[in-house]
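Here's the structure we're looking at; comments come further down.
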Amino acid sequence: MVSRFSLSATGSLVFGPKELSNLPRLVSLRGFSHLALVVSPSFQRSPEASSLFLQLQAMGISTSLFPVSGEPTVEQVDALATTVAACPADAVVGIGGGSVLDTAKAVSVMAYQARFHGSVSVQRFLEGVGDLPPPGRRLPLIAVPTTAGTGSEATKNAVIARLGPQGFKKSLRHDAYVPDLVVIDPTLLVGLPRGVAAASGLDAVTQLLESYLSLNANPFTDALALDALGRAGKALALVLTTHAGDVGLWGDLSYGAYISGVIMASAGLGYVHSIAGPMGALHPVPHGVACGHLLAPVTKALVREMELNPKAHVVQFEKLDRLAGLWEVEGPQEVLVFLEELTAFAGLLPLARYGFTHAEIPSLVESAAQRSSPVALSKEILGGILSKLF
Ligand SMILES: [Fe+2]
């Protein structure tokens, strides 16, 4: 029996090397004449950007360029939305990593709001801290990822931060926010700085693994998760070690990140994301770095707890066996070794370097939640994991 599940999927997806060159044609087919381009500074400087601008110009499509960096904040989204609302843009295009795509997504919503209903801060629509339901309308949105990580190009939410002691990271979320068109061009990822590739790739692998082992996994998410996880895990290990220039591997990683975005809201995530979120609000640690540090030890603890009652977790052990086959290792224990090696290859900065201290462990343990994890982990286990990481 297929159990109850829901899904919000991308309108159109174009995937393949050099597909960015098709973007002007796709934009023209949709009748857009002025684009608000929200881009990362590294894309802005790239030869692909120069060629895109020339192509758009040649087709009579004008642009307003908005370079953005860092994870989106309330202030940044509010300011950018006001500017975009005042320019003649009939669509927003985000080209960059997960933070750039989240910024573009939030701006497509808030610029529409400002243009047609008057300015209001995005904070009022955020889950948990806002006082208004998120609006269901936005400007048309096109997403072009240049990293393989959050899967923002496929999700219906944007994570907006406010840093500091009263800080938060909260979602602007609505079914209507899944981008209308996604263009995934793996050639844009070749040459990605190693640290960015490692952190974003570990986020994608974490999202896939948490969705795959989730109590709320369903046949749809399972069918996509296993293949994507097999590809993404192997590809990440190879691009971080010996094959950084292999477009095919960046394609596998990009595909994995996209699929993680498609399935994670449907299947649900687990302990790693329940802890990584509050960590990101405490200190400016990149989301993928927090996930990367937690992925191996949390998964190890989950497997250890499931082994105490294997009959109740037959499904998860079978899944780990299938994953082991794709990663060409022997069984669940070697899946754990593979994850540890992946983290080691990544060479993530220690969490203490971002300012984390042992004094913060109790509050992080308190905010941790089982979510869709297949088994509960005690506060002692979670505290033990964090004390080795800080
Ligand atoms: Fe994530």
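The values are calculated or read from the model by the stated rules, or taken from the named source; none is laboratory data. What you see is a predicted model; the values in this text were computed from it and never measured. Positions of Cβ are backbone-derived with ideal geometry, glycine not excepted, and every protein chain shown enters the neighbour counts. Please note that ligands, DNA and RNA were not included when accessible areas were found on the heavy atoms of the full protein model with its side chains. Shrake-Rupley method; radii C 1.70, N 1.55, O 1.52, S 1.80 Å.
For this structure, a couple of remarks:
- Within region 279-301, considering residues that are touching a Gly at 6+ places or on another chain (Cβ under 8 Å) and assigned to a helix (DSSP H, G or I), the one nearest to the ligand (Cβ to nearest atom): H287
- Yes/no for E340 being surrounded by fewer than 17 Cβ atoms within 10 Å (Cβ to Cβ), acidic (D, E) and outside any helix (DSSP H, G or I): no
- A376 meets all of the listed conditions (1) closer than 22 Å to V314 by Cβ; (2) of a type in the set (A, V, I, L, M); (3) surrounded by 19 or more Cβ atoms within 10 Å (Cβ to Cβ) but one, namely (3).
- For region 316-335, the tally of residues that are closer than 12 Å to L229 by Cα and either open to solvent by 40 Å² or more (accessible area, probe 1.4 Å) or aromatic (F, W, Y) (or both) stands at 4.
- Of the residues making up region 34-52, at least one is in contact (Cβ under 8 Å) with a residue 40 or more places away in the chain, in contact with a strand residue (DSSP E or B) (Cβ under 7 Å, 6 or more places away or on another chain) and over 27 Å from P286 (Cβ atoms).
- Among the residues of region 214-232, those that are farther than 16 Å from F5 by Cβ and open to solvent by 10 Å² or more (accessible area, probe 1.4 Å) comprise L226, D227, R231.
- Residues in region 154-208 that are hydrophobic (A, V, I, L, M, F, W, C), away from the ligand (no atom under 12 Å from the Cβ), assigned to a helix (DSSP H, G or I) and touching a residue at least 60 places away in the same chain (Cβ under 8 Å): 5 in all.
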